[in-house]
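The values are calculated or read from the model by the stated rules, or taken from the named source; none is laboratory data. Quick caveat, the model's predicted, so the values are computed rather than measured. Cβ sites come from the backbone with ideal geometry, for glycine too, and all protein chains shown count toward neighbours. Side chains are part of the model used for accessible areas, which takes the heavy atoms of the whole protein and leaves out ligands, DNA and RNA. Shrake-Rupley method; radii C 1.70, N 1.55, O 1.52, S 1.80 Å.
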Amino acid sequence: MLDFIYYPVSFILWCWHKVFGFVFGESTAIAWILGIIFLTFTVRGIMFKPFVNQVRSMKKMQDFAPEMKKIQKKYASDRQRQAQEMQKLQREHGVNPLGSCLPMLLQIPVFIGLNHVLRAFTMPPPGGGPKTENYFFSQHDVESYVNAKLFGVNLGEAVYNGVGVVSGGATNVGFHWSVLPVALPLMIVASIATHLTARHSVARQNAASATPQTAIMNKLTMYIFPLGVLVFGALFPLGLLFYWLANNGWTLMQQRLVYTKIDKEEAARKAEAAEKRASLGPKPGQKPAAPKVGQKPVQQKKNQPAQGGAQKKITKAGSAHGFAQTTSASDSAKADATPTETNGQNGSKDNGTGVPGLLKDSTRKSGRKRR
């Protein structure tokens, strides 16, 4: 029924087993263990890009978490409107919630497929007789797997067989205590690796975006899931425990590399933004050249000459107060060329007194008495 999963998984395992079997021998346990480990690395390498997108999506969701809280508070009584506003906010920020679940969802078929393929090596065919094939593996490959043992234990055996979900219909149902000395250390290391991976991921979360649901999920991933690996690892064949170890080791390394890269990119963006703000603002110690309050802009007078010609100071003779009058050269030339008149209407230009508009002494009334 799930042959579309079993055949690709068995093909990748077959390729890596041929590579390491050429070096260490096809019937050795190390060739099969390395084949399982590099099967894990191949699948995780294919899912590397979705994992990076998952990390970026989670980072964006943490950035606009305060906006999500506002929407939840605003539409607390209207769940439908709240969901619509959440989807709108996620579209605006370019976040796909399903993208963060994609790498985990893709690992489930690989886990199921590898478990079935490893179990199928020791499962007799329906018609009885020797097993002649196992998907991409030939009868020779099946015999090499059965003969490959780690400390006397076959890689397809588990501490307990009998649960149909993981045993795949194995005939040797029951406890196999001879497997426990080999499986228990692998189960403990796999549990610790699961805890470290979850702890590293939780440490990256933004404290401002934390919710009660997030706190519950963090406790589940850091403590309950590792404990589940330790307990339910007794149901997994040895080969699947090596897959679990390799998968958690890859995840931990991948998280460090991707998170470091994203942190550097974010630091570079912040430095660029700060440099841009600094270039637009005034330099240190420089006073802004802003106009004073109430100051009017200085405008050039209309009668001023375009080019500043030489001005000369002319003091007209006979001035009553001896004031010096400054005129330009052109104005003085006009004054010299115009004849002076005495007794013009509304005051003459000179009237013989040297002061314009001032009457002569002779024109004063003669009736003034001297004291």
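Key figures for this structure:
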read-out: Fraction in percent of alpha-carbon pairs per bin - 5 Å, segment 197-269; value: 3, 13, 18, 19, 18, 14, 8, 4, 2, 1
read-out: Projected label distance in nm at Ile46 and Glu92, using a 7 Å step from Cα toward the beta-carbon; value: 3.9 nm
read-out: With every protein chain in place, segment 1-94: carbon and sulfur % of accessible area (1.4 Å); value: 62 percent
read-out: Candidate residues Ile71, Ile46: accessible-area rank, largest first, probe 1.4 Å; value: Ile46, Ile71
read-out: Probe 1.4 Å, accessible area per residue of segment 1-81, Å²; value: 58 Å²
read-out: Computed label-point distance, nm, for sites Lys18 and Val146 using a 7 Å Cα→Cβ extension; value: 2.3 nm
read-out: Charge tally in the Cβ shell below 14 Å around Ala31, where Lys, Arg are +1 and Asp, Glu are -1, Ala31 excluded; value: -1
read-out: Kirkwood hydrodynamic radius (C-alpha pairs) into Stokes-Einstein, segment 1-92, 37 °C and 0.692 mPa s, D in µm²/s; value: 192 µm²/s
read-out: Formal net charge of residues neighbouring Lys74 (Cβ-Cβ distance under 15 Å; K, R +1; D, E -1); value: +3
read-out: Computed label-point distance, nm, for sites Val173 and Phe11 using a 7 Å Cα→Cβ extension; value: 3.5 nm
